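Readers should treat all values here as calculations from the given coordinates under stated rules, not as data from a laboratory. This one's a predicted model, so the numbers in the text were calculated from it and none came from an experiment. Ideal geometry is used to build each Cβ from the backbone, glycine not excepted, and the neighbour counts take in all protein chains shown.
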Amino acid sequence: MVTTGMIRRPDPTRATPRVTRPSPSGLELRKHARKDRDEPVSIVFDLATNSMVTLAIFNAEGRLVDVPFEGWLWPGRHQVNCCLRGRSPGRYKCLLDTPMVRLVKYIEVTS
């Protein structure tokens, strides 16, 4: 993590995410039937405790392209929608980062 002022940002130079202890969270990606970059991607995850959460999207080169959510969340199931409108087709990495766990899923964006 990189701290700039009071905002924590994911460090895009890290190649491999690490999990510091067994995951209390699950991370799911739900995309609508049409595989179009203009359609939203639903990111669904569970938290076991109150946590500072950062959801970040990185491109294939590891560059940060979007932070759909950053802030505190309570325990339970959460859903964040993001849209990759204007992004090139390809593979994007979705990173869920909390103090307890770091999880990664990939999003395939088509035309």
Pseudo-spin-label distance T49 to C83, built 7 Å along Cα→Cβ, given in nm, is 3.7 nm
List residues of the range 95-111, by number, whose backbone nitrogen lies under 13 Å from a label position 7 Å along Cα→C-beta of D38. 111
Just to check I understand the Karplus step: with θ = phi - 60° and J = 6.51 cos²θ - 1.76 cosθ + 1.60, what whole-Hz values come out for the range 94-109, glycine and proline as x? 9, 10, 9, 10, 10, x, 9, 8, 9, 10, 10, 9, 10, 10, 9, 9
Can you tell me the order of 69-81, 47-59 when each peptide is scored by its average per-residue count of other Cβ atoms within 10 angstrom, highest first? 47-59, 69-81
